[in-house]
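Asks: The structure's right below; bear with me while I get my questions together.
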């Protein structure tokens, strides 16, 4: 399994838990977290032992949205929005696991 820095990934008793792990930033999404989430959902989908996926956030907030520092470093374009959708939202929607 890939070493993650922004999320935590675990599979126990057929339950995959993916935790957003930037509580100091209220689990705000940045480029690295988006990549890690995509990898984690892909791994869960490929694991025949996984029957349920739980997505949660560590700390006080589940997710505050996009990291403002991350947004300041890039120009938010239609391409960027499509990239986010393709990496995360589409993958979540297509996983045949509840």
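Asks: For labels at residue 49 and residue 93 in the simple 7 Å Cα→Cβ model, what's the distance in nm?
Replies: Rounded to a tenth, the inter-label distance reads 3.1 nm.
Asks: Just grab the label-to-label distance for residue 68 and residue 14, each label 7 Å out from Cα along the Cβ direction, in nm (one decimal).
Replies: 4.5
Asks: Once both axes come from the Cα atoms, what is the angle between helix 31-46 and the longest principal axis of the chain, in degrees from 0 to 90, rounded to 10?
Replies: Once rounded, the angle reads 20 degrees.
Asks: Where both partners of a DSSP beta bridge lie in the chain, what percent of those bridges are antiparallel, to the nearest 5?
Replies: Values: 6 of 13 bridges.
Once the DSSP bridges in the chain are tallied, antiparallel ones form about 45 percent.
Asks: Dividing the Cα radius of gyration by the Kirkwood radius, what Rg/Rh value follows for the chain?
Replies: 0.97
Asks: Relative to the present Cα-Cα distance, how much length would full extension add between residue 3 and residue 35 at 0.36 nm per residue of separation? Kindly include the intermediate steps, with their values, before the conclusion.
Replies: Values: separation 32, 0.36 × 32 = 11.52 nm, distance 1.20 nm.
The span from residue 3 to residue 35 would gain 10.3 nm if fully extended.
Asks: Would you kindly calculate the translational diffusion coefficient of segment 35-77, applying Stokes-Einstein with the Kirkwood radius from alpha carbon pairs, for 10 °C and a viscosity of 1.306 mPa s, and quote it in µm² s⁻¹ without decimals?
Replies: 122
Bear in mind that the values in this text are calculations on the coordinates, not laboratory data. If you're wondering where the values come from, they're calculated on a predicted model, not measured in any experiment. All Cβ positions, even for glycine, are placed from backbone atoms using ideal geometry, and neighbour counts span all protein chains on display.
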